[in-house]
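Down below is the structure, laid out as structure tokens.
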Amino acid sequence: MPIQPISFGLESRPGRYGAEGGASLVNAFVEEMSPDGKAPVTIYCRPGLSSFAALTGSGGFRGAIKLGPLAYVVSGPIVNRVDQTGAVANVGAFVGSSPVRMARNRKSPNAQIALVSDGQRAILENDTLSTIADADLPPPNDVCSIGGYFVFSTPDGRYFWTSIDEGTQIDALDFASAEANPDGLVGIIDRNQEIVLLGEETTEFHALTGSSAVFERVQQTTLQLGWLSGAAVKSINGIPIGPASDGTVRVLADYSPERVSTHEVERDIRALSDPGVLTGGTFSLDGHQFYCLNSPTWTWVCDLLTRKWFQWKSYGSSRWRGEGFVDIDDKLCVGDYENAVLYCLEADGQTDAGDPLVWDLTSGPIGGYPNRIIADELYLEFIPGVGLNSTDKHASDPKVMLRVSTDDGKTWSDEMVADLGGIGEFKTEVSFRRLGMSGREGFRFRVSVSAPVSRALLRASLRYTEAAA
């Protein structure tokens with residue numbers, strides 16, 4: 001009876017119709033291991049969430065920005081100030097439900113924060129929120145900050161800038177336009193000493209000149225590629241990433257947008273009736289740099305170091321609760337897309353603020369089409385002995401669940417259960433026997449763990465018998 005190593009994949013690639021697809025990794029990410037390790041990669045459970053702050057205002061996360069040891073977070077119609085202890089203060093109302101774009105300038109001693117949403121514009125300074133009343137600024141749809149200027153974009157393709165370090169002063173002549181195509185702007189973002197004008201069909205780069213012209217177009221860099229949602233274009237380490245007008249996700253490290261999305265991500269984007277609802281966020285954790293792309297019904301997450309994509313979900317939902325990220329005194333915090341809550345992101349988190357975090361891994365097809373095989377025993381090597389010293393049996397005696405498909409994922413068996421090992425039980429081995437005979441398409445195995453413990457799959461193998469022809 002031969003034993004064959006099997007793979008649960010490097011990312012989530014379920015395929016167009018399912019049968020032709022590869023693995024599906026839900027609430028997971030992978031790390032490359034040392035060449036002398038047990039396997040090339042280890043599959044880990046995604047970070048969990050712990051409650052950090054109860055925000056004022058009924059409604060979900062709309063925007064946030066860091067200012068020194070504090071963060072200003074818009075939840076529903078309220079702007080909240082949150083400190084490193086999780087204490088919250090209401091600093092004013094910014095009505096609406098759409099995402100809020102925020103930027104800060106260099107003003108000293110009290111830096112200003114500009115807020116933009118649905119044409120509204122306001123300045124927050126020294127915890128006082130006031131509307132920008134300057135009539136020279138039309139209703140904007142985005143804002144960024146560069147060289148001390150706030151720069152506002154408008155849907156008609158223009159952008160306006162303020163006086164240096166004074167967000168309430170805008171001269172009637174301090175504006176310019178995206179010139180390449182009259183396609184309008186969905187947003188604006190800064191990149192080094194440039195602003196990137198995010199059009200519906202084109203992208204332009206205008207540089208900060210340091211002269212009386214203030215900004216001028218960078219010649220021969222215009223892209224014939226636009227953006228689906230300004231709220232989904234975010235930066236990490238100064239490099240923008242977001243969903244482009246051709247339905248791909250692109251990284252703008254230079255003047256050539258690099259496609260980083262898979263066909264699975266692109267199909268989900270294309271299926272949206274209004275891709276303008278897309279939102280995004282970026283964060284770094286333990287050497288990984290993640291980009292989260294959210295729709296109302298799904299969340300795709302890309303590890304930008306490996307360019308691998310994963311599906312993240314919250315318990316009872318088809319998408320992840322996380323929306324937007326902000327650092328508060330070295331705490332990595334994330335909002336909730338529908339509730340006035342701020343969480344801490346926990347690298348070895350085991351729940352989503354008390355809700356189960358279900359780690360769900362489905363293998364690609366296993367077998368030698370068109371030959372059938374008999375699965376005598378499946379071996380799964382997890383980190384053993386992860387049970388906790390807890391009165392909660394789910395935590396003290398964690399289990400791993402397995403479902404088997406003998407017809408390439410069309411139907412699945414009843415759930416089988418094995419022990420992961422209680423605290424200190426480091427010799428626990430996970431295996432499942434007598435799993436049946438595959439059809440010509442081969443087996444698929446689906447493994448899940450919902451216990452609130454550390455989770456990592458190191459390797460897997462199958463002992464099998466070739467079935468008679």
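Here the contact order of the stretch 138-257, divided by its residue count and restricted to Cα pairs under 8 Å and six or more residues apart, works out to 17 percent. Once the convex hull of all Cα atoms in the stretch 32-163 is built, its volume per residue stands at 189 Å³. Taking the Cα centre of the chain as origin and assigning +1 to Lys and Arg Cβ atoms and -1 to Asp and Glu Cβ atoms, the resulting dipole is close to 1180 debye.
Compactness of the stretch 2-75 was expressed as the Cα radius of gyration divided by 2.2 N^0.38 Å, which yields 1.78. Over the stretch 187-271, all Cα pairs binned in 5 Å intervals from 0 give whole-percent P(r) values of 3, 15, 26, 25, 16, 8, 4, 2, 1, 0, listed from short to long.
Within the shell defined by Cβ-Cβ distances under 14 Å, the residues around I373 carry a net charge of -1, with Lys and Arg each +1 and Asp and Glu each -1.
With the convex hull drawn around the C-alpha atoms of the stretch 283-395, the volume per residue stands at 192 Å³. How about K234: which lysines have a C-alpha closer than 26 Å to its C-alpha, ignoring those fewer than 8 places off in the same chain? Reachable lysines: K66, K107, K308, K313, K331.
Averaged over its residues, the chain has an accessible area of 43 Å² per residue, based on protein heavy atoms and a 1.4 Å probe.
With the biggest extent put first, the Cα atoms of the chain measure 82, 50, 40 Å across the principal axes. Please give me the summed charge of the neighbours of K427: other residues whose Cβ is under 13 Å from its Cβ, Lys and Arg +1, Asp and Glu -1. In short, -4. Around G242, what is the net charge, scoring Lys/Arg as +1 and Asp/Glu as -1 over all other residues with Cβ under 9 Å from its Cβ? Around G242, the surrounding residues sum to +2.
In the chain, the portion of solvent-accessible area held by carbon and sulfur atoms comes to 48 percent [1.4 Å probe, whole percent, DNA, RNA and ligands not counted].
In a fully extended conformation the segment linking T306 and S461 would gain 53.3 nm over its present Cα-Cα distance, using 0.36 nm per residue. Average 1/r across all pairs of distinct alpha carbons in the stretch 115-164, invert it, and you get the Kirkwood radius: 11.2 Å. For the stretch 1-85, the dipole from Cβ point charges (+1 on Lys and Arg, -1 on Asp and Glu) about the Cα centre works out to 360 debye, to the nearest 20.
The values are calculated or read from the model by the stated rules, or taken from the named source; none is laboratory data. Predicted model only: the values in this text are computed from it and were never measured. Neighbour counts run over all protein chains shown; Cβ positions are idealised from the backbone, glycine included. SASA here: full protein model, heavy atoms, side chains in, ligands and nucleic acids out. Shrake-Rupley method; radii C 1.70, N 1.55, O 1.52, S 1.80 Å.
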